[in-house]
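The values are calculated or read from the model by the stated rules, or taken from the named source; none is laboratory data. As the structure is a computational prediction, the values presented were derived from the model and not from experiment. Glycine gets a Cβ as well: all are built from the backbone with ideal geometry, and neighbour counts include every protein chain shown.
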Amino acid sequence: MGSSNTLEKQCLTQNIKLNVTGRNKHVLAIKQDIGTVKERVHAIANQLPFETYSNRIIIEMVYKVIFWLNCKLFHHKDRIHDIMSPRTILTGLRTDHNKHCKLELVHSYT
């Protein structure tokens, strides 16, 4: 438990809020974020014409959802910065609209 207190003190000196929770305890905010990711992955999966999905397809769907949640081109009440997205803050990379915002082709499956 001592190392946790040390970590908390280090975080406080850098103005970082550390949320420590007990083992097997649920953190509501994280549970809600996981629910958001699941909901959006299900929305993508329901648009695809497959009965089952390979692990690679599932990984790519989750990657796509996380990518756009981290880009957050819209304003969110809990945003850290008024202009930069979480992705830009952590990686220094900006979303390239010519690269990332292309229209997806939709095929009609019968």
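Looking at (1) exposed (fewer than 10 other Cβ atoms within 10 Å of the Cβ); (2) modelled with pLDDT under 90; (3) not in a loop (DSSP other than H, G, I, E, B), find the lone condition where LYS64 falls short.
Evaluating LYS64 over (1) exposed (fewer than 10 other Cβ atoms within 10 Å of the Cβ); (2) modelled with pLDDT under 90; (3) not in a loop (DSSP other than H, G, I, E, B) leaves (1) as the failure.
Within the set of pairs 6+ apart or on separate chains, which have a first residue in the range 32-43 that is within 12 Å of LEU69 (Cβ to Cβ) and in contact (Cβ under 8 Å) with a residue 12 or more places away in the chain, a second that is among the aliphatic types (A, V, I, L, M) and part of a helix (DSSP H, G or I), and C-beta atoms under 7 Å apart?
Taking only residues 6 or more apart or on different chains, the pairs are VAL37/VAL62; VAL37/VAL65; VAL37/ILE66; ARG40/VAL65; VAL41/MET61; VAL41/VAL62; VAL41/VAL65.
As an exercise: evaluate TYR53 against (1) exposed (fewer than 11 other Cβ atoms within 10 Å of the Cβ); (2) modelled with pLDDT of 90 or more and give the number of the one condition it does not meet.
(1)
Does LEU28 qualify as being more than 25 Å from HIS100 (Cβ to Cβ) and either touching a helix residue (DSSP H, G or I) at 6+ places or on another chain (Cβ under 6 Å) or among the aromatic types (Phe, Trp, Tyr) (or both)?
Values: more than 25 Å from HIS100 (Cβ to Cβ): yes; either touching a helix residue (DSSP H, G or I) at 6+ places or on another chain (Cβ under 6 Å) or among the aromatic types (Phe, Trp, Tyr) (or both): no.
Considered against the rule, which asks whether it is more than 25 Å from HIS100 (Cβ to Cβ) and either touching a helix residue (DSSP H, G or I) at 6+ places or on another chain (Cβ under 6 Å) or among the aromatic types (Phe, Trp, Tyr) (or both), LEU28 comes out as no.
Which ones in the range 1-43 are in a loop (DSSP other than H, G, I, E, B) and among the basic types (Lys, Arg)? Please lay out each step first, then the result.
Quick first cut of the range 1-43, residues in a loop (DSSP other than H, G, I, E, B) only: 1, 14-27.
Selection gives LYS17, ARG23, LYS25.
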